[in-house]
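Taking it in order: structure first as structure tokens, then the write-up.
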Amino acid sequence: MGNRNGLTAQGKQPLFSFGVITDVQYADIPDGRSFHGVPRYYRNSIRILQNAIHKWNAHQNLSFALHLGDIVDGHCPKDQSLSAVKKVVKEFDKFNGRVYHMIGNHCLYNLPRKELLPLLSIHSDDSYAYYDFSPIPEYRFVVLDGYDISAIGWPNDHPHTIEALNFLNKKNPNVDQNSPEGLVGLERRFLKFNGGIGKEQLKWLEDTLKDASNLNQKVVVCCHVPLDPGATSREALLWNYDEVMDVIHRYNCVKVCLGGHDHEGGHSVDSHGVHHRVLEATLECPPGTEAFGYIDVFDDRLSLIGTDRMASTEMIFNN
Ligand SMILES: Nc1ccn([C@@H]2O[C@H](COP(=O)(O)OP(=O)(O)OC[C@H](O)CO)[C@@H](O)[C@H]2O)c(=O)n1
């Protein structure tokens, strides 16, 4: 990975670079399949993570790494959830740099937020999992909590569980609300394994983007659940992706949105020129294949250098 003098093929030095991987979804169980029959390799995924970290460390110039969510799988036996999360975190700890996590539905099938967030080094008094950081003054990363309004992860009597269940009951009449049967077009996103961004978080996002604009920072928004229908299947889209994108489009500072959750991955450029890159999942890589990468950051583009099943992607900003 990388080249001898740190220059890219275009001959320019990146401002900084960072590692990316998503949907490790580890569990110490035999291989299985998704609901739709796609093979899933629960044990192999941690081997891919080990290889990713080996390559990231060999690169020697990655400032940090991002895991876009779903650290363990929902099929992990519940008496092993804690040890499984700790085992994957221990692997991430071997990376010579900070790792930023976000939460996915499978994390929340295993552990309640209160237990999960400290393990992922997401420090929050109220169990919300949104935060931002700035690796260099010119760039800011905004990490969204896509399960803020969610039927999974909060205590049953939490206002956000109640809001999510009321919302789902209006939008999805199926007995199994993980099923999109009968839902049409973009309404197929109203599934229990997705979630939404609540009012407070939307306000925080708006304030953060305002601040970033004042500081002349470029912003990368990260969320486990994708934000643009062009980059994902309709069934994997954030419930209120439209409200979130309305906020994002009010500011010119957001250049790229990164996501996970939709295991095949995807890339789109939306009506405002924002790139959406949904990353290919580790879990569905057959043994002998892999999916991870690193991103070189420039003032005018992000350049994803993918390994194997993670496609390389040039994300050039429109202004
Ligand atoms: N039609 C369906 C689809 C899924 N389920 C069940 O819902 C749970 C979550 O599904 P899963 O595919 O494991 O979710 P991922 O987060 O790994 O992937 C997201 C998708 O790629 C988005 O399209 C699980 O228990 C399924 O069995 C269901 O009941 N009915």
Subject >> Scope region 279-301; condition within 16 Å of the ligand (Cβ to nearest atom) and out of contact with any Cys (no Cβ under 9 Å at 6 or more places or on another chain); matching residues >> reply: Leu279, Glu280, Ala281, Thr282, Leu283, Glu284, Cys285
**OP:** Identify, by number, the condition in (1) outside any loop (DSSP other than H, G, I, E, B); (2) within 16 Å of the ligand (Cβ to nearest atom); (3) exposed (fewer than 15 other Cβ atoms within 10 Å of the Cβ) that Ala164 doesn't meet.
**Re:** (3)
Original post:
Which residue out of Val175, Val184, Val143, Val219 is more than 19 Å from Val85 (Cα to Cα), of a type outside the set (Ser, Thr, Tyr) and touching a Phe, Trp or Tyr at 6+ places or on another chain (Cβ under 7 Å)?
Top reply: Val143
**OP:** Write out, first by first residue and then by second, each pair whose Cβ atoms fall under 6 Å of each other, whose residues are 6+ apart or on separate chains, and whose first residue, in region 295-313, is without any contact (Cβ under 8 Å) to a residue 60 or more places away in the chain while the second is surrounded by fewer than 19 Cβ atoms within 10 Å (Cβ to Cβ) and among the acidic types (Asp, Glu).
**Re:** none
**OP:** Test Ser271 against the criterion of being more than 13 Å from the chain's Cα centre (by Cα), on the phi < 0 side of the Ramachandran plot, part of a loop (DSSP other than H, G, I, E, B) and away from the ligand (no atom under 16 Å from the Cβ), and give yes or no.
**Re:** yes
**OP:** Determine if region 64-71 includes at least one residue that is away from the ligand (no atom under 16 Å from the Cβ), of a type in the set (A, V, I, L, M) and in contact (Cβ under 8 Å) with a residue 12 or more places away in the chain.
**Re:** yes
Subject >> Residues that are of a type in the set (D, E, K, R) and on the phi > 0 side of the Ramachandran plot, drawn from region 10-49 >> reply: Asp23
**OP:** Find the residue count for region 277-304, including only residues that are of a type outside the set (Gly, Ala, Ser) and under 15 Å from Ser63 (Cα atoms).
**Re:** 7
Subject >> Selection within region 86-118 - away from the ligand (no atom under 16 Å from the Cβ) and within 17 Å of the chain's Cα centre (by Cα) >> reply: Val89, Phe92, Arg98, Val99, Tyr100, Arg113, Leu117
Subject >> Selected residue (criterion: nearest to Cys253 (Cα to Cα)) from residues of region 172-210 that are among the hydrophobic types (A, V, I, L, M, F, W, C) and loosely packed, with under 15 Cβ neighbours inside 10 Å >> reply: Leu186
**OP:** Scan region 169-194 for residues that are within 11 Å of the ligand (Cβ to nearest atom) and either among the aliphatic types (A, V, I, L, M) or closer than 13 Å to Leu144 by Cα (or both) and jot them down.
**Re:** Val175, Leu183, Leu191
Original post:
For region 265-287, how many residues are surrounded by 23 or more Cβ atoms within 10 Å (Cβ to Cβ) and more than 15 Å from Asp308 (Cα to Cα)?
Top reply: 5
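Any read-out appearing in this document is the output of simple, stated calculations on the displayed coordinates, not a laboratory observation. As the structure is a computational prediction, the values presented were derived from the model and not from experiment. A quick note on method: Cβ atoms are made from the backbone with ideal geometry, for glycine too, and the neighbour counts reach across all protein chains shown.
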